[in-house]
Structure formats: C-alpha cells, structure tokens
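Notes follow once the structure below has been shown.
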Amino acid sequence: PCRECVRTGVADVKHFSRDDAQAMLERWREDRISGLGRADDASDDDDAATSGGTRQSTADGQGPQDGDVGEMEESLVQTCAAGHQVRVVDILSRAVIYDAVACPQCVQKGEVPPFCFNRRRCLLYFDEDNAGRVGAMECLKCLQAGRSASIRILDIIAPEVFLSYNWGVVQTDACGHKHYSTQALVKPLKQRLETEEDIVCWFDVGGGMGAGQNHMAEMAEGIRKCTVVVVFLSDAYVNSGNCLREFCHAVRLCKFLVPVLVPTVEDGVARTGHSTGWTGPGASDPDWWKHAARKCENARNPDSNLPISWSVLRHFEPVDMRAPPAWLAGSESELEIRRRIASRFHRGEHVQHKTEASYALWVRTRAKVRHALTHRRAGVPTALFPDIRGGAS
C-alpha cells in the first residue's frame, strides 16, 4: 500500500507492486554495471593509445562514480495511481505489518488490487475509549461491483489476544472519577501489549461492542479468531455468567490460556457477594485450580447448562499478580505474561500444536477419571487405576 495514501487519509488506498519495484532496482543496477564496463573498456583503449598518459576521468563518461550509487538509488521512484511518488528503496523496506489491510471479500473475488482499509481506523473498533465505534466498514470496490459493501471489522483484522475478566467493583479515584477495580488493572496492561508488542487485544468495556451489535455473538467470534486468551481469575470471575461463557468458549476451541491471579482490592466484594480477587493458593500449589471449583456456585455453562470442568487450568501455570509491584509496568509478572503470549507466535505463524497436545492430555485424563469412577461404583478396586490423579473436577 502507498503510505502517502494512508497518511493523507485517501479512501481508496493505492498499491505498489513489490515485484515491479524490485525489477526496477535490478534493471538500474544492471545498467550501471554495463555502463561501468563500457567506461572501463574505453579507458583501456585510451591507455593503450597514449602510453604513460594520464587516464581520463569517467565522471563525464559512460558510467556513474561509486560515490554516486547511494544517491542514484535514492532517486529511483514509483508513482501510485493517486499521484504520490515514493522511493523504490522505501517500498522494498516496508515492514510486514502494513498500515493498510486488504478487503477480504475483494481478495476472495480476485480483485487486483483489492480495496484496502486503514489499519488504524480498524483498530478503533478495539479501543474502549471510542464510544462511537461500529462493527463494520464500507468497501468502495465491493459497492461498485454490486456486492455487499459492509465488511465486518472482525473479518478485516482479528484480535490476537482476548482479555477475559470480571469488571470488579466501582471505585472513585482522587479526582472523583469512577472506574471498575479489575478493569483499571487490566486496561494499562492491554495498552502496553498493544504499544510495545504491536498485539491487537480484545478488551470489552461496559459490556457493549457498539450500536446495533450482538454482544454475545461478537464475544464468541472474538475468542474464535484470537490465539491467546488471558483469563484474569477471581472469585467473582468464576461466578459471573459472561465470564463463564468466555471461559467455556476458550476451552471448547482449545485456546492457549494464560491464567492470571487477580489481587483483592479494598471493599472488593462484587454484587454476587464474592471477592473481586483470587483468594485461593498460587502456583506453588499443584492443585491451585481446585479453588475455582470450590468457589463456583453454579458450575454450568449458562448457554448449554452442561457442567463446567476447571481441571483444564492445571495444564497452564498461573501468573500470580496479587503482590502490589506485579501490576507495575515492566514487572516480572507482566513480562511473564508477555513472554507467554509471544511464545504462541513464531515468525508470524501461530504455534498451536503444543496447546492442542495439552488439551488432548486433559481430555484423556478426564476420560480415565470417569472410567475409574464408573468401575468404583461397580465395586472394582481403584488400585487397578494407579495413574489416576485425585478428584474428578
């Protein structure tokens, strides 16, 4: 994409071809090499004709001087369809993450070049401070072709990390501004992930995705398209209907989980009567996850009414952020969260095989537990199943 089109806010962003830019640079280099060769041949002929004479400079001759190479490469430009001139070296040195994102419908229909959306405008959909955010953008090329021109943001650019948390309790800061306690802890972490790691995060505020949108459907779609789900666990989280939905979606879709143990704030009791922090043990206890099963009063999926198993958490070591310095920028706990998120990406590709192996192990373990309990009820000695870990949660 032409960065000048993006910078100036052109609706129909124009494109350059990397292949054409590379071919232009290679042609220039070939011409330069052949020009230098002709200049050297002419100089050799002059030396043979005038023995002992002074060799003529090629500055006014057939080829450029070596000192002019960088300047001449800088002068190579291409012009986009909107009239913007961009240096070839700038086109070829653009990063992989572009400021323009191609319309997926144009790509599917084989439009060349496809219409492109401004990536920054798309990201406003995930900005909790943008009260007027909408869930779709209009593609001009699709409109001209008679296709549906309304393209969902989640089809243009998907969140890479989903932040699942319970809002906490309402607090008032020194300036008289009200905020939710857990939300105030998660929001700065989300901002640092986006600015320092260039990771798109899903961070819901107030339970709304924008006017005219189905919150539950959008939430499910956000989890389906993301790679990592960061679960901010608290006693209130395991008793929140929306949080349980998010957790069930993440487990059903075998998402990589990063459990984070949330601290309890002053007067931190949610409307459900549960603490807004995690009151159970930390990572030093191998059965730390059982606290969720004990605290969850209705361990059933709010949509399907099927029982919820928290035992999948045993395969993901928690990050304990209950100590005060843990929420500060650059703390060891925050760096650990960022490391785990980064571990899911390798050269731009999502690393999924290890996550799938963890879920497969969890499913096999649960099957063995059920098998053991069935035989126990039938009177078969449990010693026949020595590899079963205690508990059927």
Per residue, how many Å² of accessible area does region 272-351 show with a 1.4 Å probe? 53
With r defined as the distance between the Cβ atoms of MET216 and ALA342 and R0 fixed at 30 Å, what FRET efficiency is calculated, to the nearest 0.05? 0.50
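What ranking of GLU221, GLU160 comes out by heavy-atom accessible area, probe 1.4 Å, highest first?
Reading off the accessible areas and sorting them downward yields GLU160, GLU221.
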Which cross-chain or sequence-distant (5 or more) residues have an amide H under 5 Å from the amide H of VAL265, H modelled 1.01 Å from N in plane? THR276, GLY277
Report the FRET efficiency, 1/(1 + (r/R0)^6), for ASP303 and SER17, where r is their Cβ-Cβ distance and R0 is 45 Å, rounded to 0.05. 0.40
Among SER284, SER304, what's the order by accessible area (1.4 angstrom probe), most exposed first? SER284, SER304
Any idea of LEU244's accessible area? Nearest 10 Å², probe 1.4 Å. 10
Along the dipole axis of region 236-302 (charges at Cβ: +1 for Lys and Arg, -1 for Asp and Glu; origin at the Cα centre), the most positive-end residue among SER240, ASN301, VAL258 is ASN301
Based on Cβ point charges of +1 for Lys and Arg and -1 for Asp and Glu, what charge dipole magnitude is obtained for region 242-343 about its Cα centre, in debye rounded to the nearest 20? 400
Mind giving me the nanometre distance, one decimal, between the label points for TRP28 and ARG364, set 7 Å out from Cα along Cα→Cβ? 5.8
Modelling each spin label as a point 7 Å along the Cα-to-Cβ direction, I'd like the LEU124/ASP90 distance in nm, to one decimal. 2.5
Partner lysines whose C-alpha sits under 18 Å from that of LYS178, ignoring same-chain residues fewer than 8 away, are LYS187
The correct ranking of VAL107, VAL369 by accessible area at 1.4 Å, largest first, is VAL107, VAL369
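Given a Förster radius of 30 Å and the C-beta distance between ARG252 and HIS179 as r, what FRET efficiency does 1/(1 + (r/R0)^6) yield to the nearest 0.05?
The formula returns an efficiency of 0.40 here.
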Residues with amide H under 5 Å from that of VAL200, placed H, sequence gap 5 or more: GLU160, VAL161
Report, ordered by chain and residue number, the lysines lying within cross-link reach of LYS14, taken as a straight Cα distance under 23 Å and ignoring same-chain residues fewer than 8 apart. LYS109, LYS141
Near LYS368, which lysines are there with a Cα under 27 Å away, not counting those fewer than 8 places off in the same chain? LYS255, LYS290, LYS295, LYS354
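The values are calculated or read from the model by the stated rules, or taken from the named source; none is laboratory data. Since the structure is predicted, the reported quantities are computational estimates derived from the model, not experimental observations. FYI the Cβ positions are ideal-geometry reconstructions off the backbone, even for glycines, and counts take in every protein chain you see. Side chains are part of the model used for accessible areas, which takes the heavy atoms of the whole protein and leaves out ligands, DNA and RNA. Shrake-Rupley method; radii C 1.70, N 1.55, O 1.52, S 1.80 Å.
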